[in-house]
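A short write-up of the structure that comes next.
Read the figures in this text as sums done on the coordinates, not as results from a lab. Bear in mind the structure is a predicted one, so any value in this text is a computation, not a measurement. Glycine gets a Cβ as well: all are built from the backbone with ideal geometry, and neighbour counts include every protein chain shown.
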Amino acid sequence: MSGFTLATLEAIIAARAASDDEKSYTRKLLGKGISVCAKKLGEEAVETALAAVAGTKTELTAEAADLLYHLLVVLKAGDVRVDEVMTVLEGRTGQTGLEEKASRPKD
């Protein structure tokens, strides 16, 4: 099993965001702002869903990797750390998903 984690990817994204490397896709994407990053995340989410339904395991794996990368880019753009997301997820594990969803404030 790989030792590569979401925390590893988060650190790479942060380093590239802070770099002056003109060839860095991460740097350029973040430089365009959170709305462009979010649009790209949405595109990757659709591609992942389509691969889940009609693609191969290899295609789904590749699209899921793209999706996770772009999610972490959006989190970086929004100044949210992966450990903050994990804390929220951890807090939800004490009840079923349906119970957790029902406990959320109604809009």
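Assorted remarks:
- In this simple spin-label model, placing a label point 7 Å from the Cα along the Cα-to-Cβ direction at both I34 and K101 gives a separation of 2.6 nm.
- Highest-MSF residue in the chain out of E63, E43, E22 [GNM, Cα springs under 10 Å]: E22
- Chymotrypsin sites (Phe, Trp or Tyr not before Pro) lying in DSSP loop within the chain, provided at most 14 other Cβ fall within 10 Å: F4
- Helices meeting the span-like rule in the chain (full DSSP H runs, Cα extent of at least 24 Å along the helix axis, mean Kyte-Doolittle score of 0.5 or higher): 34-54, 57-77.
- 222 nm mean residue ellipticity, helices alone, for the chain (DSSP H n ≥ 4; -39,500 (n - 2.57); rounded to 500): -23500 deg cm²/dmol
- The trypsin sites (Lys or Arg not before Pro) of segment 16-56 that meet both conditions, a loop assignment by DSSP and at most 13 other Cβ atoms within 10 Å of the site Cβ, are K23, K32.
- Summed residue charge, Cβ within 15 Å of A54's Cβ, Lys/Arg positive, Asp/Glu negative: -2
- Using the Stokes-Einstein relation with a Kirkwood hydrodynamic radius computed over Cα pairs, the translational diffusion coefficient of the chain at 20 °C and a viscosity of 1.002 mPa s comes to 137 µm²/s.
- Choice from L50, L75, L30 with maximal GNM fluctuation in the chain (Cα, 10 Å cutoff): L50
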